[in-house]
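Rule-based calculations on the coordinates, nothing more; no lab input. This is a predicted model, so every value here is computed, not measured. Heads up, the Cβs are rebuilt from the backbone with ideal geometry, glycines too, and the neighbour counts pull from every protein chain shown.
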Amino acid sequence: MAATRNSHNHMPTPRGLPRAWRAATWLAAFAGLAISSVPMPEATWRLAPSPNWDQRAGGMRPDTVVIHSTAASGLWLNVRYLRNPESQVSSHFVIGKEGQIVQLVGLGRRAWHAGVSEMDGMRDVNSRSVGIELVNLNDGRDPYPEAQVRSAAALIRWMRQIYDIPDENIVTHAEVARPPGRKNDPAGFNLRALRRRSRPADE
Ligand SMILES: [Zn+2]
């Protein structure tokens, strides 16, 4: 299988593609998915497995993406926290401000990011979703740089080739957290633009 470079996808690191393909092999085995024919985003993609996961209820296939912000700066500080067994939290991905993608949990597994939550009358949003943490202070002023948004869009676009994830199922943590108002992340993030940019036909 030849790796095709997506010329429309101006990811920052040329070294990213071979790394991504190594990740694809690893991920396919990890998640039990036949995904090796789907080109992955041409971003720096690193694996940093977290022990904080369990099985999706009923073996659900994800149909939802929950966007978070970390409310703390520093990609690797956040990754370390999400890998600490004592934190009891995780997400599938963390995306740094320079667009680096770090994967902590396989897509076939339930990461622990949404907490008490509800969507379309269903609790346990974690069982149906993929969690993406964006490194950001979550103060409503800290920007989400273009490189970070581009990586998030590319990552979701890639997942949408594997899973059926409609626009309205790309949601913020604030929307699904219960009780309403418990969470406000990702503050200041343009979700509408992310939905548009992550459509498979886009870019
Ligand atoms: Zn959150």
Mean shadow area of the stretch 56-103 over all directions, Cα convex hull, nm²: 4.2
For LEU134, distant residues with modelled amide H under 5 Å away: HIS68, SER69, THR70, ILE95
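Could you give the length gained by full extension between ASN184 and ASP63, i.e. 0.36 nm per residue of separation minus their alpha carbon distance, to one decimal place?
Working: separation 121, 0.36 × 121 = 43.56 nm, distance 2.20 nm.
The span from ASN184 to ASP63 would gain 41.4 nm if fully extended.
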Full-stretch length increase - GLU175, GLU118 - with 0.36 nm per residue and alpha-carbon distance subtracted: 19.7 nm
Spin-label proximity, ARG192 to the stretch 150-164 - amide N less than 19 Å from point 7 Å beyond Cα toward beta carbon: 150, 153
Whole-Hz couplings from phi, Karplus 6.51/-1.76/1.60, listed for the stretch 77-83; x for Gly and Pro: 5, 5, 4, 4, 4, 6, 9
Whole-Å semi-axes of the stretch 16-197's equivalent ellipsoid (Cα gyration tensor): 21, 19, 16
